[in-house]
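Here the structure comes first, spelled out in structure tokens, and everything after it is commentary.
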Amino acid sequence: MKDNPNFFNDVYEVVRLVPHGKVTSYGAIANYLGVRRSARMVGWAMNGAPQDVPAHRVLNRNGLLTGKNAFSTPTLMQELLEKEGIQVKNDQVVNLKQHFWDPTTEIGL
């Protein structure tokens with residue numbers, strides 16, 4: 001898989017817009033960027049996200065913390081979410097619907 005810096009930067013710009021206390025998914029970001037079937041590519045981008053990108057707010061479609069291994073410790077992603085008032089149990093966000101932020105509806109196309 002080849003890195004696409006422009007795509008990665010687009011992903012980072014969307015993630016920077018996710019508000020404190022909200023989460024989104026790889027698929028929602030891909031859909032917003034017009035590449036609906038590229039959720040894995042979004043995940044790939046998130047593995048190398050710059051420090052100013054709140055990568056802890058990006059989950060899989062079921063609210064699982066699948067990106068936690070990209071953080072400096074295995075619990076950091078959960079700790080950051082909990083600091084924002086998001087409850088996590090067994091590596092999954094509790095009440096995902098309540099915390100979900102969809103860029104397509106929040107930003108628009």
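Tabulated results
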{"item": "Angle in degrees between helix 5-16 and the longest Cα principal axis of the chain, rounded to the nearest 10", "result": "40"}
{"item": "Within-15-Å neighbourhood charge of residue 100 [Cβ basis; K, R +1; D, E -1]", "result": "+1"}
{"item": "Part-to-part distance (alpha-carbon centres) for the range 1-72 and the range 83-103, which is given in Å", "result": "15"}
{"item": "More than 18 angstrom apart: percent of Cα pairs within the chain", "result": "42"}
{"item": "Heavy-atom accessible area per residue - the chain, 1.4 Å, Å²", "result": "61"}
{"item": "Portion, in percent, of the accessible area of the chain that falls on carbon or sulfur, probe 1.4 Å", "result": "47"}
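The values are calculated or read from the model by the stated rules, or taken from the named source; none is laboratory data. These numbers were taken from a predicted model, which means no experiment stands behind them. Here Cβ is always computed from backbone atoms with ideal geometry, including for glycine, and neighbour counts include all displayed protein chains. Note: areas computed on protein heavy atoms with side chains; ligands, DNA, RNA excluded. Shrake-Rupley method; radii C 1.70, N 1.55, O 1.52, S 1.80 Å.
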